[in-house]
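A.B. asks: Quick one: the structure is below, questions incoming.
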Amino acid sequence: MNTNDKIEELFEAAKRHEKDMQRQQRISELVDQLAAEESATNKHTKRRAIWATMGIAAGILLMVSIGLRALHPDMPDNTKHIVALNNSSSIVIDSTSHRAETTTDISSSSVKTALHKDMEILIAESAIDDSNTATEPTLEHEFPIQDNNLIAENETQENEEVSVATTEKKVYVRTSNRLVGNGSQQRSHHSSSENTPLMAFSGTGTSVLYDLGKITFNNH
Amino acid sequence: MTTETFKNRIIPLQCHLQMLAERMLGDEMEAEDAVQEVMIRLWEQRDKLDNVVNIKSYAMQSARLRCIDIIRARKATSYTIKEYPDIADEEVAEEVELVERRSALLHSMLDDLPEKQRQIVKMRYLEEKEIPQIEQAMKMSSSNIYTTLSRAMQTLRERLKV
């Protein structure tokens, strides 16, 4: 074999080696992709297991509270919650009728709250009157949410819809800013303590998020 | 088996699998597809691979069987297992080693060339670029490029004779 042929062999080998390196790189990227997909699937399965656990925990809490109510008739009815929006306004949420009533003049936009009840997440739309009339609460007892229950408070913009969604132990507050025109942006996310349900409230002006595990009920 | 271990132990076997598949299938692209399929299957079985004594043999046999499936499908007639190209693992390993040695030798010879000669030789003979592309990249005239190539190749030939 002459020298030119030998040189050509060397170049052919080098080209082949380079191709092999590129193929290995592609396979490595494919493996990374497969690993990431597997991880996402495992997280989804884990999330569902955690939801089931949280649902059972909420169910147990409900049973306990019913039991305690039976033992102590003076315990307040906890199907109605007052959520303080800001210093001057509050909203009453009835988890039985899924109605919400405002005490002051919140602007006429739909209010969505997410509540845990047994194993369901309930989305309730408010019954806020579009005529903007204030409605006084008619409860015998009030259950003010303490400041230390508050996890987060976000300012919302005019015409901005805010919704909340819970997953694992986190709550995502999302906004769709109509001024921008499309899509929805994640505003923030928050974690609950232990496995207690989170209650979130949003509307024009402010969105607030409470950890029900930290709520203390005061009987006035 | 973790992802990192898979990348360190299994993916480098690709060159052996590719060599075997090309010899069996006679087509580079078809071999590449077959090897990728085998790699994915090995990834799906990675937890079992920790118990395999000789992972390289296992991978080679997986590739061999995959190639046989492809050959059978291609032929679309009965094709007994004795009729497929019988290529031993050792034969493939020798070829792969030869490729790696030759590639390493060439790169060490290129490293001894002056910078400009090395760049032009790589572009022309490894990257297979056309002369106008090299002219543009190196900002040199075609006659200069040809002269440089000629000198570089002369040096490489003399190196080989030594």
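A.B. asks: Name the residue, out of A:Ile27, A:Ile7, A:Ile56, that is more than 17 Å from B:Leu106 (Cβ to Cβ), of a type in the set (A, V, I, L, M) and within 14 Å of chain B (Cβ to nearest Cβ).
C.D. replies: A:Ile27
A.B. asks: Still on this structure, I have one more. Any residue that is within 14 Å of chain A (Cβ to nearest Cβ) and either under 17 Å from the mean Cα position of the chain (by Cα) or of a type in the set (Ser, Thr, Tyr) (or both) - is there at least one of those in segment B:38-54?
C.D. replies: yes
A.B. asks: Look at segment B:28-61 and say how many of its residues are small (Gly, Ala, Ser) and either within 21 Å of B:Glu4 (Cβ to Cβ) or touching a Pro at 6+ places or on another chain (Cβ under 7 Å) (or both).
C.D. replies: 1
A.B. asks: So, in segment B:105-162, how many residues would count as being of a type in the set (Asp, Glu), within 14 Å of chain A (Cβ to nearest Cβ) and either at positive phi or assigned to a helix (DSSP H, G or I) (or both)?
C.D. replies: Total meeting the criteria: 3.
So that you can scan it fast, the table gives a plain yes or no per residue for (1) among the aliphatic types (A, V, I, L, M); (2) closer than 19 Å to A:Thr3 by Cβ:
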| residue | (1), (2) |
| --- | --- |
| B:His107 | no, yes |
| B:Asp111 | no, no |
| B:Ile120 | yes, no |
| B:Arg124 | no, yes |
| B:Ala137 | yes, no |
| B:Thr148 | no, no |
| B:Arg151 | no, yes |
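A.B. asks: Also: If B:Met24 satisfies every condition in (1) in contact with a Phe, Trp or Tyr (Cβ under 8 Å, 6 or more places away or on another chain); (2) in a helix (DSSP H, G or I); (3) without any contact (Cβ under 8 Å) to a residue 12 or more places away in the chain; (4) not polar (S, T, N, Q) but one, which is the exception?
C.D. replies: Looking at each condition in turn, B:Met24 falls short on (3).
A.B. asks: Taking B:Leu13 as the residue in question, decide whether it is touching a helix residue (DSSP H, G or I) at 6+ places or on another chain (Cβ under 9 Å), at pLDDT 90 or above and more than 10 Å from chain A (Cβ to nearest Cβ).
C.D. replies: No: the conditions fail for B:Leu13.
The values are calculated or read from the model by the stated rules, or taken from the named source; none is laboratory data. Predicted model, so just to flag it, every value in this text is computed and none were measured. Virtual Cβ from ideal backbone geometry, glycine too; neighbours counted across all protein chains shown.
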